[in-house]
Amino acid sequence: MLTDLLEFETEFWAKGHAYIAGVDEAGRGPLAGPVVASAVIFSRHDFENPGIKDSKLLSIKKRTQIAEYIRERALCVGIGICEHDEIDRLNILKASLLAMQRAVNALSVIPDQILVDGRNVLDTTIPCEALIKGDLKSRVIAAASVIAKVERDCMMIEYDRQYPEYGFARHKGYPTKHHVEAIEQHGLSPIHRRSFRVKALDGIEL
């Protein structure tokens, strides 16, 4: 039964596109760590879970549960990563697009159609449509947003074990008060993005 967030998928299914890939990323805003993208393809008949929604609307527990469902039921899932040094070299927009392209390239099935969150289409010969706030409009993009978020959070928890003084497991690299205080005390870690501006608590750039 077709439910919410399937308007775009239904349109392309009606045109005969069997393999629709949703693509999204996580980690554009943090001061540290990679940007992580995911591409997800579902079979039309296995896409029954209306609980799949934008990762930002889900609790950590629910997001983890939905990610497990997606990995079990999706036709295929691809992950693409751009590390902090690539972000510094390319800029965050180009790095995000590259991570998304890598996620599509990692799919075991070539999609007929790509739906990507945001304003920019990918550099590909596959038909690609960009949807602003796509994770609120397309369930396959929402599924990609969940996988990308969970994957990146796991990476930042691992980085927390390597650099415990920064609290990456707590804030995932975002510019929280705790994070800025850690940078003021310890300086930048090896995974911090040097091209990002860090404002100290007194307003001075570090």
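What is the magnitude of the charge dipole of the stretch 75-206 about its Cα centre, with +1 placed on the Cβ of each Lys and Arg, -1 on the Cβ of each Asp and Glu, and no other charges, expressed in debye to the nearest 20? Please report the intermediate quantities before stating the final value.
Numbers: 17 positive and 18 negative charges, 61 e Å.
Charge dipole of the stretch 75-206: 300 debye, to the nearest 20.
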Item to check | Environment charge of I141, counting only residues whose C-beta is closer than 9 Å and scoring Lys/Arg +1, Asp/Glu -1 | outcome: -2
Checklist entry - Local charge sum around K56 (other residues, Cβ-Cβ under 10 Å, Lys/Arg +1, Asp/Glu -1)? => result +1
Checklist entry - Tell me, what is the percent relative contact order of the chain, built from C-alpha pairs under 8 Å that lie six or more residues apart? => result 28
Checklist outcome for this item: Listed residues T176, T125, T64; largest mean-square fluctuation, Gaussian network over the chain with Cα springs below 10 Å, found at T125
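How would you classify the stretch 103-157 from its alpha-carbon gyration tensor, with a ≥ b ≥ c the square roots of the eigenvalues: rounded for a/c under 1.5, else prolate if a/b is greater than b/c, otherwise oblate? Don't skip to the end; give the middle numbers.
On the way: a/c = 2.04, a/b = 1.36, b/c = 1.50.
Oblate shape, in that a/c is at least 1.5 and b/c is the bigger or equal ratio.
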Checklist entry - Roughly how many nanometres apart are two label points built 7 Å out from the Cα toward the Cβ at V109 and N91? => result 3.6
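Past the 26 angstrom mark, what percentage of all C-alpha to C-alpha distances in the chain do you count?
Working: 7303 of 21115 pairs.
When all Cα pairs of the chain are counted, 35 percent exceed 26 Å.
How would the stretch 1-109 be classified by its alpha-carbon gyration tensor: rounded, prolate or oblate, with rounded meaning a/c under 1.5 and the a/b versus b/c comparison settling the rest? List each step's numbers first, then the result.
On the way: a/c = 2.26, a/b = 1.59, b/c = 1.43.
Note, shape of the stretch 1-109 comes out prolate.
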Checklist entry - Which distance in nm do the two modelled labels at E129 and E72 give, with both placed 7 Å along the Cα-to-Cβ direction? => result 3.1
Next on the checklist: Which aspartates and glutamates, if any, have their Cα less than 19 Å from the Cα of K94, not counting same-chain residues under 8 positions apart?
Outcome noted: D24, E25, E83, D85, E86, D117, D123, E129
Checklist outcome for this item: Expressed as a percent, the accessible surface of the chain that is carbon or sulfur, using a 1.4 Å probe and the full set of protein chains, is 52
Next on the checklist: At 7 Å along Cα-to-Cβ for each site, give me the label-to-label distance between I157 and Q65 in nm.
Outcome noted: 1.7
Next on the checklist: Need the list of lysines near K199 for cross-linking: C-alpha distance under 21 angstrom, and skip anything on the same chain fewer than eight residues off.
Outcome noted: K172, K177
Item to check | Accessible area per residue in Å² at 1.4 Å probe, computed on the chain | outcome: 49
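The values are calculated or read from the model by the stated rules, or taken from the named source; none is laboratory data. Note that the structure is predicted; figures quoted are calculated from it, not measured. Don't worry about glycine lacking a Cβ; one is built from the backbone with ideal geometry, like all the others, and counts go over all protein chains shown. Accessible surface areas use protein heavy atoms only, side chains included; no ligands, DNA or RNA. Shrake-Rupley method; radii C 1.70, N 1.55, O 1.52, S 1.80 Å.
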